[in-house]
Amino acid sequence: MRVIFCIGEVLEEREAGKQNEVVAAQLKGSLYDLTAEQFANVVLAYEPVWAIGTGKTATADQAEEMHAFIRSEIAKQFGAEVAENTTIQYGGSCKPSNAKELFAKPDVDGGLIGGASLKAADFKGIIDAFA
């Protein structure tokens, strides 16, 4: 079994420029007691709380910036090889109109799809963007 562990900041934290601090604390407080072997069973999902169901979406560059930050934090704790092999998905309002640009970013390993998965045409558009 694999765990999907969701992390992300609220709008006030993002606007205050504290998103990295918040996400680093979430990682440290929840996952850093694991061994590298245990951590290998974790999939991370960056879910900016401010972008879930609000109509607001992180830009592909904002998502990439956070995913790269998360990967660097994982590397500090568990090593570069573990960080490189960690799946980090984007989960903040991924939709057909932004999926291709999000998935093109090097540190975005896919999407954790919520509401768009309930509409076949939208979900297919996201799948097609990933393929």
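Table for the structure above
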| read-out | value |
| --- | --- |
| Count of the range 31-69 residues which are over 17 Å from Val82 (Cα atoms), of a type in the set (Ser, Thr, Tyr) and modelled with pLDDT of 95 or more | 1 |
| Qualifying residue in the range 118-128 (condition: on the phi < 0 side of the Ramachandran plot, without any contact (Cβ under 8 Å) to a residue 40 or more places away in the chain, β-branched (Val, Ile, Thr) and in a helix (DSSP H, G or I)) | yes |
| Among residues of the range 78-105, those that are over 21 Å from Ala51 (Cα atoms) and either under 11 Å from the mean Cα position of the chain (by Cα) or not in a helix (DSSP H, G or I) (or both), counted | 2 |
| Sole residue being out of contact with any Lys or Arg (no Cβ under 7 Å at 6 or more places or on another chain), outside any helix (DSSP H, G or I), surrounded by 13 or more Cβ atoms within 10 Å (Cβ to Cβ) and among the hydrophobic types (A, V, I, L, M, F, W, C), chosen from Ala58, Ala75 | Ala58 |
| Given (1) part of a helix (DSSP H, G or I); (2) over 18 Å from Pro106 (Cβ atoms); (3) hydrophobic (A, V, I, L, M, F, W, C); (4) without any contact (Cβ under 8 Å) to a residue 40 or more places away in the chain, index of the condition Trp50 fails | (4) |
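The values are calculated or read from the model by the stated rules, or taken from the named source; none is laboratory data. None of these values were measured; they are calculated from a predicted model. Ideal geometry is used to build each Cβ from the backbone, glycine not excepted, and the neighbour counts take in all protein chains shown.
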